[in-house]
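To start, the structure itself, in structure tokens.
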Amino acid sequence: MDLPHKESFFNIGPERYLNYLFALIALVFVGYHIYRRYRIWRLGKPELRFDRIPARVSLILRYALAQLKMPRDPWAAVVHYGIFWGYLLLFVATTLDGTTYWLKTLTGYEVLVGPTYLLYKALIGNLGGTLALIGLLAAFYWRLVIRPPRLRYQTEDWVILGLLLFNVLNGFEVQALRLAMTDLRNHPEWAYWAYGSYPLAVILSGLPDSVLRPLHWASWWVHVLASQFAVAFIAYSKLEHIIFGPLNIFFRSLEPRGTLKPIPNIETAETYGANRVPDFTWKQLLDADACIRCGRCTANCPANLTGKPLSPKKIILDLKAEMDRAGPLYLRGRQPDGPSLVGDITTDDELWDCLTCGACMEACPMEIEHVPTIVEERRYLVLNEGRIPRDVVNLFNNLERSGNPWGYPPTTRADWARDLGVRTIAEDPGADYLWWVGCAGSYDERNIRISRALARILQAAGVRFAILGPEETCTGDPARRAGHEYLYQILAQQNIEALNRYGVRKILTACPHCFNTLKNEYRAFGGFYEVVHHSQLIAELVETGRVRLERPVGQRLTYHDPCYLGRHNGVYDPARLALTRLPGASLVEMRLHRHQAFCCGGGGARVFMTETRGHKRVNHERTDHVLAVNPNVIATACPFCMIMFEDALKTRNLTDRLEARDLAELVAESAGLSLK
Amino acid sequence: MNIVVCIKYVPDWEAPASQFRIEDSRLVPAPGIAYRISDTDDEAIEAALQLKEKHGGRVTAISLGPASARDGLKHALAMGCDQAVLLDDPAFEDSDAAGTAAVLAAAIRKLGDVDLILTGRQAADWDQGQVHAGIAEFLGLPAVIPARHIEWTGSEFIVHRIYEEGYEEIAVKPPCVVACSNEIAEPRYPTLRGIMAASRAQIPVWTAADLGIDPGRVGRAGRRTRVLRLYAPQVEAKCEFIEGENPEEIAAKLVQRLREEKLL
Ligand code: SF4
Ligand code: SF4
């Protein structure tokens, strides 16, 4: 036959079938490894992650296959896309090759023949090899010359890269040797299609068959062995992410980022939170196995970047080490002793430093869920061990006694609105919006000014709203994020009872933490509401002309995305929209904005804790980001961000060149409303 | 080692004055005001728990008060006390320090076999600081008031008693009364297991009859002291900014001002 085709197993005798034996052995290694880890995951508690399969498939397509997070780091993109797509194509090429061979052997029918074969060779095999080669060379350059600090540099990493590079080069060599003896002699015009190995083939073609044949035979076998070794190595190295990564992405939480789960049956549970392997859910254990140690989480963690001991990557890898150490013992029915994961390995300080800002989860290419794991470990500290920093004890006591974090009398909650003619829901049960004012908006002097501005906007726009007044208590968010799930549930139930008693459907709030809790977390306790953040309502009022922005305010504004509005709930645009409508103002973006925004330092109940660790305070670091774009106003949309910025501006003597103002204040001023 | 801790459950003393009314020389807190275990009483509980954790034994919390003091006792149980007793009887109402001490002493006698009685140095509501001495008096025990440290040697307690210039170390044999100051320990926050156990615990109530107390000697009837006048003082706060070129200058001016006000 004189059509281009591949002579499968060219130059390889019947010993060719050993090839399949090696493949089988490699697969057994991998399979056994998966099985061993699977048994450890099964030690974990149940968690529902099998719902909404189509959404999960779409996750796989976006994050496992298209790897949409990769381009955020251009070097990582070149390296990982190169190696991933390259090897994927090589795998496809091998599979097609094998299938063709067996089809031909069994049925005599040949698929890969003629132009199809040439295209296959060019666009699958050789393209794959070339891409992988580019990715690998870039990887060496990246790691040897650029040396990004977030990566680790251990022998294993070099072995893997070396192995992959060797396999690609070796593959080209085998092909070149075959071409030198076949196509190059009979049909040189076919040989070009194998552009990856063609140059080498030309060089080698000068050698006699007596050299080429044995060399090809040996290289072929080296290729088989090295490839199968690489497959088996999946079980012994971070290459396991090829399997656990997509699995973990598939099982990712479909809830808004950072939504926490209740402790089931809290009244009857025997231990609380997580410290031992069986205390975690199977998904949290799978998370640990999926970690590729790329360090993206830690490189984006505001606590870590300001020198605190917390590293989200370490949190995950500590858990993995604990699974490796204790997992097999549990499987043998033993109760392992030795160091405690929480306290000895992951320290209390690390856990308390977390802002629950979600930057780690946002950055993680494996969709690992650090925040729920950290909170679960905090729950262990609080509920099981009672190891709680002083500030947090005060917070809990205040929430318990007074229903707000500062211990103000609950009876005075609505005093801020006394002279504004704001009605309570008891007075106006037909209001369109129940405005959830929140603790900061009710008691904190600075934030009361924002509440008053918002009240005036709503009144001017003719929005019919009412507040709960003294019946409102803290949503429980700070208690929950500080690990006190029980206190959270008490507060949540109290609030849900009040809201449901008034038949509340639609809630407006200026606090992203309240927003997140009311919208996403009260569902688990029977509170289903449509929740609107004030930035959303204000944007709507501005767009529809119900609030007219007439006076110029600020000149150069930058907007700080609150974590619980932006990253956790995907609300980025309304505030920006309203800000760009302010006459005379221009909006400049900080380098880290939208989903990459850097926390103000107040999340995860940290606003109530003194910042004692690290070389810099988080709010000072964020203020530096603000200063870098040189605005005269930082626009915020969160009471805690406001507290953190006010603090930073005061402690750094910046108040005469920079102001922190809430969106509501800017809009009210521009609309000519009173700010008193 | 058996320890009894006497606690008082009082309206949040950090609440602003606007949260209280005065009626007939009596203090009426606003409805909804938070109650909590009095300052230094919770430190006394912690000190007791730490002694128990080191040396074994039982810790019993007792409180004289209205039924709502049960919540305070529940908190003590949640922190780790082994049992709690509420002393409640209409006859106890409005006791003065002597009356309160008499009731508590009777309860401690009824508990029997006690090595150490801990109290706070003074309750956060009236700040009298008399009950501990009264208990010691009624029971004929030694008392160390106030203490910032306590330890057990196996045969006696070593107590650091605070006085103006520092503290003195006193060795005292059990049983004895020790009034705790807030330096003695940092009160723990109860674990959830503690909270759950406490919420299920039964707290017995002892009345005057249970304690064999003559109702005429305690409560309103038995008062030996009388409040003449109760009023909220007018506090005037003035804020003054001290300015200067540099911190040194500001500090110097501040010192001068404080001297002028005879505060230094
Ligand atoms: S949530 Fe934020 S602070 Fe916490 S570990 Fe992740 S990045 Fe760091
Ligand atoms: S947790 Fe995610 S981001 Fe962090 S090192 Fe592991 S894979 Fe990378």
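Values for this structure:
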quantity	calculated
The lone exception for A:H568 - which of (1) surrounded by 20 or more Cβ atoms within 10 Å (Cβ to Cβ); (2) in a helix (DSSP H, G or I); (3) in contact (Cβ under 8 Å) with a residue 60 or more places away in the chain it fails	(2)
A:P336 at pLDDT 95 or above and either aliphatic (A, V, I, L, M) or in contact with a helix residue (DSSP H, G or I) (Cβ under 6 Å, 6 or more places away or on another chain) (or both)	no
Odd one out for A:T655, checked against (1) under 26 Å from the mean Cα position of the chain (by Cα); (2) part of a loop (DSSP other than H, G, I, E, B); (3) β-branched (V, I, T)	(1)
Residues (out of contact with any His (no Cβ under 9 Å at 6 or more places or on another chain) and within 14 Å of chain A (Cβ to nearest Cβ)) located in the range B:196-217	B:M196, B:A197, B:S199, B:R200
Yes/no for B:V178 being in contact with a Leu (Cβ under 9 Å, 6 or more places away or on another chain), β-branched (V, I, T) and assigned to a strand (DSSP E or B)	yes
Counted residues, the range A:581-632 - those being charged (D, E, K, R) and within 20 Å of the chain's Cα centre (by Cα)	2
Filter result for the condition that a residue is part of a helix (DSSP H, G or I) and hydrophobic (A, V, I, L, M, F, W, C), over A:L151, A:L96	A:L96
Evaluation of A:V168 against (1) in contact (Cβ under 8 Å) with a residue 60 or more places away in the chain; (2) out of contact with any Gly (no Cβ under 7 Å at 6 or more places or on another chain); (3) among the aliphatic types (A, V, I, L, M) (one fails), failing number	(2)
Strands (runs of 3 or more DSSP E) wholly inside the range B:1-75 containing at least 2 residues that are within 14 Å of chain A (Cβ to nearest Cβ) and surrounded by 18 or more Cβ atoms within 10 Å (Cβ to Cβ)	B:9-11, B:35-37
Selection count where residues are more than 30 Å from B:L211 (Cα to Cα), more than 14 Å from chain A (Cβ to nearest Cβ) and in contact with a Ser or Thr (Cβ under 7 Å, 6 or more places away or on another chain), scope the range B:135-191	2
Filter result (within 10 Å of chain B (Cβ to nearest Cβ) and either surrounded by fewer than 18 Cβ atoms within 10 Å (Cβ to Cβ) or not hydrophobic (A, V, I, L, M, F, W, C) (or both)) within the range A:395-414	A:N397, A:N398, A:E400, A:R401, A:S402, A:G403, A:G407, A:Y408, A:P409, A:P410, A:T411, A:T412
Only listed residue being away from ligand 2 (no atom under 16 Å from the Cβ) and closer than 23 Å to A:G614 by Cβ, chosen from A:T281, A:T298, A:T373, A:T347	A:T347
Filtered residue count, the range A:337-351, keeping only those that are within 14 Å of ligand 1 (Cβ to nearest atom) and either within 14 Å of chain B (Cβ to nearest Cβ) or assigned to a loop (DSSP other than H, G, I, E, B) (or both)	1
Residue in the range A:352-390 that is nearest to A:N404 (Cα to Cα), counting only those that are in a loop (DSSP other than H, G, I, E, B), of a type outside the set (A, V, I, L, M) and within 14 Å of chain B (Cβ to nearest Cβ)	A:P389
Exclusive hit being in a loop (DSSP other than H, G, I, E, B) and within 14 Å of ligand 2 (Cβ to nearest atom), set A:L310, A:L319, A:L254	A:L310
Meets criteria (away from ligand 2 (no atom under 13 Å from the Cβ), part of a loop (DSSP other than H, G, I, E, B) and within 27 Å of A:D348 (Cα to Cα)) for A:E267	yes
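Each row is one residue, and each column tells you yes or no for (1) in a loop (DSSP other than H, G, I, E, B); (2) free of Cβ contacts under 8 Å to residues at least 24 places away in the same chain; (3) not assigned by TED's automatic domain parsing to the domain that holds A:L383.
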residue: A:P470; (1), (2), (3): no, no, yes
residue: A:T473; (1), (2), (3): yes, no, yes
residue: A:P478; (1), (2), (3): no, no, yes
residue: A:Y488; (1), (2), (3): no, yes, yes
residue: A:Q493; (1), (2), (3): no, no, yes
residue: A:A498; (1), (2), (3): no, no, yes
residue: A:I507; (1), (2), (3): no, no, yes
residue: A:C514; (1), (2), (3): no, no, yes
residue: A:L518; (1), (2), (3): no, no, yes
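This table checks each residue for (1) more than 19 Å from A:T517 (Cα to Cα); (2) touching a residue at least 40 places away in the same chain (Cβ under 8 Å); (3) within 16 Å of ligand 2 (Cβ to nearest atom); (4) not in a helix (DSSP H, G or I).
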{"residue": "A:V392", "(1), (2), (3), (4)": "yes, yes, no, no"}
{"residue": "A:L399", "(1), (2), (3), (4)": "no, yes, no, no"}
{"residue": "A:A417", "(1), (2), (3), (4)": "yes, yes, no, no"}
{"residue": "A:G430", "(1), (2), (3), (4)": "yes, no, no, yes"}
{"residue": "A:L434", "(1), (2), (3), (4)": "no, yes, no, yes"}
{"residue": "A:R449", "(1), (2), (3), (4)": "yes, yes, no, no"}
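One line per residue, one yes/no per condition, for (1) surrounded by 24 or more Cβ atoms within 10 Å (Cβ to Cβ); (2) within 13 Å of ligand 1 (Cβ to nearest atom); (3) outside the structural domain of A:D157 (by TED's automatic domain parsing):
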residue: A:L254; (1), (2), (3): no, no, yes
residue: A:A269; (1), (2), (3): no, no, yes
residue: A:F280; (1), (2), (3): yes, no, yes
residue: A:C294; (1), (2), (3): no, no, yes
residue: A:N300; (1), (2), (3): no, yes, yes
residue: A:L310; (1), (2), (3): yes, yes, yes
residue: A:K314; (1), (2), (3): no, yes, yes
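The values are calculated or read from the model by the stated rules, or taken from the named source; none is laboratory data. Bear in mind that the values here come from a model prediction, so they are computed numbers and not experimental data. Neighbour counts run over all protein chains shown; Cβ positions are idealised from the backbone, glycine included.
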